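One structure below.
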Amino acid sequence: MNIIGPDALVFGVDDVDACSQYLTDYGLKPTGDGRFEALDGTCVIIRAADDPTLPPAIGPAPSIREIVYGVGDAETLEAIAAELSKDREVRRGEGGSVHADDDSGFHLSFALTIRRPYTAPADLTNAPGHPPQRGPNLLGVEVGMSVAPRTLSHVVLFVPNMEEAEAFYVNRLAFRVTDKFTGTGPFLRPAGTDDHHTLFLIQTPPFMKGVEHFTFHLGSGTEVLYAGSQFQAKGYTSFWGPGRHLFGSNWFWYFNSPLGCHVEYDADMDLHDDEWIARHQPVGADTSQLFLFKATDKWFPSGPPPKGGAH
């Protein structure tokens, strides 16, 4: 099945204004009607929690109300509809879209992808031992440089039974497990992308069902650090990061949000094909990140070194 990945995440929230400001400050472009887009058109959509057009809530507001997956062709829509209608209600919508619930109760929609071409600066790195990617007099960074979310990367779900949830996506929708934290949950990649994962499932008690975080890809680790520092300067609080994960290798920086979940910046994720053999490791600090920084205010060594510092 040519499922590419999440094209849109729809939230029902109790403070539309705060969520709108948050997503704008994060770097998404407001395009009207509660829609906030990345460069390729993938987006977050927010509605008031009592909006009657939303699918039923799976928990108190704010919460995810629908995950919209983009697919590459009409044949995939028909295959999904045929597969899921074997044992659950399937509704067809505009443009042939397919609507159904997964085995954990999350509301899913499948539609022809909205992703569009876009242009953005390449990450050009000069590394000794290799021809320079950035020639003479071309600057690597500039104050005020433009950084924008490029595409919706992945969503992470709290599920009451991660083995059952994994089986649904693997057996019914042809996702593949790329890596797995044993006893915690799998990283999953649909057939239409090489990204290490577009979905990560975390085993939690039933009352915690919902979204842990979502993230959009930026262009580089430098962009993650710069966007995160700018976001923090606007008053948003860091939850985890900056750092770099081991599974997926992506740079990360997570922030608290008014959407009922964390929101991440990420960049430089591993790509995998069907030859990849999934790794299985217990979850922990040593397996979840290669390194982790703690952001501080800018500083310059103009005075004595800090106590315990270099001599």
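Return the FRET efficiency for the residue pair Lys294, Asp273: r is the Cβ-Cβ distance, R0 is 25 Å, and the value is rounded to the nearest 0.05.
For Lys294 and Asp273, the calculated efficiency is 0.10.
So for the chain, averaging the separation of alpha carbon pairs under 8 Å that are six or more residues apart and normalising by length, what relative contact order in percent results?
17
Which of Lys180, Lys209 comes first, and how do the rest follow, when ranked by fewest Cβ neighbours within 10 Å?
Result, fewest neighbours first: Lys209, Lys180.
Relative contact order for the stretch 81-208: what is it in percent, counting Cα pairs under 8 Å that are at least 6 residues apart?
18
Under 10 Å, Cα contacts only: if you run a Gaussian network model on the chain, which one of Leu292, Leu77, Leu138 comes out with the highest mean-square fluctuation?
Leu138
In what sequence do Tyr118, Tyr22 fall when counting other Cβ within 10 Å, fewest first?
In increasing order of surrounding Cβ atoms, one gets Tyr118, Tyr22.
May I ask you to derive the relative contact order of the stretch 62-102, considering only C-alpha pairs under 8 Å and at least 6 residues apart, and to give it as an integer percent?
Across the stretch 62-102, relative contact order equals 29 percent.
Looking at the chain as a GNM with Cα springs under 10 Å, which of Ala74, Ala57, Ala82 has the largest mean-square fluctuation?
Its mean-square fluctuation being the largest, the pick is Ala82.
Given the chain, what count of lysine pairs have C-alpha atoms under 23 Å apart, with each pair 8 or more places apart or on different chains?
6
How long is the chain along each principal axis, judged by its Cα atoms, biggest number first, in Å?
70, 46, 40
All of the numbers you see were taken from the coordinates with simple rules; none came from a lab. No experiment lies behind these values; they were computed from the predicted model shown. Counting neighbours? That spans all protein chains shown, and the Cβs are built from the backbone with ideal geometry, glycine included.
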